[in-house]
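The structure appears below as structure tokens.
The values are calculated or read from the model by the stated rules, or taken from the named source; none is laboratory data. Only a predicted model underlies this, so the values are computations on that prediction, with no experimental measurement involved. Cβ coordinates were reconstructed from backbone atoms using ideal geometry, including for glycine residues, and neighbour counts include every protein chain displayed. Remember, those area values only see protein heavy atoms, side chains included, never the ligands or the DNA or RNA. Shrake-Rupley method; radii C 1.70, N 1.55, O 1.52, S 1.80 Å.
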Amino acid sequence: MRPEKEYLIREASEHLEKSTYFFLTDYKGINSEQTSELRSKLAERGAEFHVVKNSSLRLAAKGKDLPDLSELLSGHTAIIVGGDDASGVAKDLGKYFKKTEKVAVKGGVLGDRMLSADEVVQLSKLPSLEVIRAQLLSLINSPAVQVVTILNKPAQGLLNVLQAKAKENN
């Protein structure tokens, strides 16, 4: 294999190692200014946008025992990787596509599961990681608040009786 091809496969393989998910997009018609805008938006979430050769990505994915990407690898392909919040990155991609009608999502992989373009859209509709953490914290905290309220009731009742008695005596 030619050294150039080995380099491209190694580079694609390194991209695949950056996170437990990646999204593939069609970047046809996007200029360098729009690419920079998208890259900076994704960088806020720790994600990266890279243009890749389809054949190099196919071979790199095969080397990593990922699902067969052949059906997604046609035309101009870019890969979005990195960051902890897959749904947030998908959300940003969806917003960018709505705004520019460019960079359409072809699909992706989450863990070892292949995602269609529709499933990536569904993923983008999930709450962000911060919202999910806040909801979980609320669920964990709720029973403790209820226990404290229940334990406080007898003392509050006694206090009310004593205050009523004190007012009665005055």
hull vol. (C-alpha, convex hull) per residue for the chain, Å³ -> 169 Å³
Largest fluctuation, Ala78, Ala12, Ala134 only, Gaussian network model of the chain with Cα springs under 10 angstrom, belongs to Ala134
Expected max-MSF residue from Leu137, Leu24, Leu42 in the GNM of the chain (alpha carbon, under 10 Å) is Leu137
Of the range 80-94, those with amide N under 20 Å from the point 7 Å along the Cα→Cβ vector of Ala134 are 84-92
The chain accessible area per residue, 1.4 Å probe, protein heavy atoms, integer Å², reads 64 Å²
What helix-only [θ] at 222 nm does the chain give? Using -39500 (n - 2.57) per DSSP H run of at least 4, over all residues, to the nearest 500, the answer is -19500 deg cm²/dmol
Low-density loop trypsin sites (Lys or Arg not before Pro), the range 1-73, at most 14 other Cβ within 10 Å, DSSP non-H/G/I/E/B, are Lys28, Lys64
Correct response: the longest run of the chain lacking exposed GluC sites (Glu not before Pro), defined by DSSP loop and at most 13 other Cβ within 10 Å, is 102-170
Listed residues Ile132, Ile80, Ile140; largest mean-square fluctuation, Gaussian network over the chain with Cα springs below 10 Å, found at Ile140
Residue span Gln122 to Ser36: 0.36 nm per residue of separation minus Cα-Cα distance leaves a gain in nm of 28.4 nm
Among Ala60, His50, Phe23, the residue whose Cα sits farthest towards the positive end of the charge dipole of the range 1-65, when +1 is placed on the Cβ of each Lys and Arg and -1 on the Cβ of each Asp and Glu, is Ala60
Listed by chain and number, the lysines with an alpha carbon less than 23 angstrom from that of Lys106, same-chain partners under 8 positions apart left out, are Lys18, Lys28, Lys41, Lys53, Lys62, Lys64, Lys91, Lys95, Lys98, Lys125
Karplus-derived 3J(HN,Hα) from phi for the range 6-16 (6.51 cos²θ - 1.76 cosθ + 1.60, θ = phi - 60°), whole Hz, x at Gly and Pro, runs 4, 4, 5, 5, 4, 5, 5, 5, 5, 4, 5
For the range 51-170, whose charge dipole is built from +1 on Lys and Arg Cβ atoms and -1 on Asp and Glu Cβ atoms, the candidate among Ser70, Asn169, Pro127 with its Cα farthest towards the positive end is Asn169
Applying the gyration tensor rule to the Cα atoms of the range 81-136 (axes a ≥ b ≥ c; rounded if a/c under 1.5, else prolate if a/b exceeds b/c, else oblate), the class is oblate
The range 50-170: relative contact order from alpha carbon pairs under 8 Å, six or more residues apart, as a whole percent, is 20 percent
